[in-house]
Amino acid sequence: METVILAVVIAVVVLAALGGLVVGSRRKKSLPPPPPSAPDITAPPAEPHVGDEAETPRDEPRRTIEEVDLPDGSAPTTVAEPPALEVPEIEVPEPTAGRLVRLRARLSRSQNALGKGLLALLSREHLDEDTWEEIEDILLTADVGVAPTQELVEGLRERVKVLGTRTPEELRGLLREELLKLVGTDMDRTVRTEPETSKPGIVMVVGVNGTGKTTTTGKLARVLVADGRTVVLGAADTFRAAAADQLQTWGERVGAYTVRGPEAGDPASVAFDAVKEGKEMGVDVVLIDTAGRLHTKTGLMDELGKVKRVVEKHAPLDEVLLVLDATTGQNGLVQARVFAEVVDITGIVLTKLDGTAKGGIVVAVQRELGVPVKLVGLGEGVDDLAPFEPEAFVDALIGD
């Protein structure tokens, strides 16, 4: 009996277990699997931008293609042209004749202190020794020089003694005649720029720094161009900074070609090339500006002699002009002596003759070198250079 009961219990337990398994399997088949959890997605780093693109994008109004004004092709595209190079305007220099009228008046205003002083002394009723000494002092102060002063005073003494009574007109005429004797009216003052054989004429300009040598060369080019001549400039002053630039500027203003070399280069080479260019171009005149050397430096003066010799391999020099400052007085005469020993001076240019009563330097330097004053500079204007005229100069000294 007990065995039967135990078998029944075991059977019930087995049936219950089988029923639980069937129910569990059915539940598993009916329930869907739970959804997977959404992963965190991280956006990739933005690419770097430049300029306006670096800003945060903003919502902006956009236009359709119908709303955009498109070019119809009727208006040509304008391309900006590069700026044109400025060509220096070529000036027309003032004719020599008109220049002389203006410069004569300027000379008269600035130089007649000498003439007025002499006329005042000669007009005294009694001309004693003290008066004649005062006349000598005036002439020496005006840089006439000792020998010319003595010559002038002796001539005046004899003329006054013979004349007797003296009116202002007679005294002025007397003084004018004596001064003209000193200045000289029979000297050839023509600047030789027309060679006898073949052109171009070759002119070399020499002098000490500060006398206005380069400026005088440029002004002389203007005088020649005003007279209808063609000119080539040789910038052989390679020692002074900007000397070649200065001369080239003068040349460009009148249409003259400038030959130049490297700074601190060989001046003789530049001078040689200038004459060569002048021949090839067929110009009338070649003007050579040399370095302003100290007349106390032997080596530098020898270099000037070399320039002259090299130039003469092409053709002989037609003119060697020495530029002197009229205000330097006796120091200018010392310069003139040394330059005359190195190169054969054929003419003198006196600059800065305006604004000073020392017009007697004209007489002194001519006596010292035996060559004439051919040109005078009477101001800083571009056309303030004129041929020297003895009559006009003396008339300006003694006044009206």
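The values are calculated or read from the model by the stated rules, or taken from the named source; none is laboratory data. All values reported here derive from a predicted model rather than from experimental measurement. Counting neighbours? That spans all protein chains shown, and the Cβs are built from the backbone with ideal geometry, glycine included. Ligands, DNA and RNA are stripped out before the accessible areas are found, and what is left, the full protein with its side chains, is counted by its heavy atoms. Shrake-Rupley method; radii C 1.70, N 1.55, O 1.52, S 1.80 Å.
Beta carbons closer than 8 Å, at least 6 apart along the sequence or on distinct chains, pair a first residue in the range 264-277 that is more than 23 Å from SER198 (Cβ to Cβ) with a second that is among the acidic types (Asp, Glu) and open to solvent by 10 Å² or more (accessible area, probe 1.4 Å) for PRO267/GLU303. Taken over the range 149-159, residues that are among the polar types (S, T, N, Q) and open to solvent by 20 Å² or more (accessible area, probe 1.4 Å) amount to 1.
Residues in the range 181-209 that are among the hydrophobic types (A, V, I, L, M, F, W, C) and either in contact with a helix residue (DSSP H, G or I) (Cβ under 7 Å, 6 or more places away or on another chain) or over 15 Å from ASP318 (Cβ atoms) (or both): LEU182, VAL183, MET187, ILE202, MET204, VAL205, VAL206, VAL208. Residue count for the range 272-290 under the criterion of being open to solvent by 10 Å² or more (accessible area, probe 1.4 Å) and either in a helix (DSSP H, G or I) or of a type in the set (Asp, Glu) (or both): the result is 8. Checked against the criterion of being touching a Gly at 6+ places or on another chain (Cβ under 9 Å), modelled with pLDDT of 85 or more and open to solvent by 70 Å² or more (accessible area, probe 1.4 Å), the range 135-148 has at least one qualifying residue.
Identify, from the list ALA271, ALA256, the residue that is at pLDDT below 95, within 11 Å of VAL232 (Cβ to Cβ) and of a type in the set (Gly, Ala, Ser). Every option except ALA256 fails the conditions.
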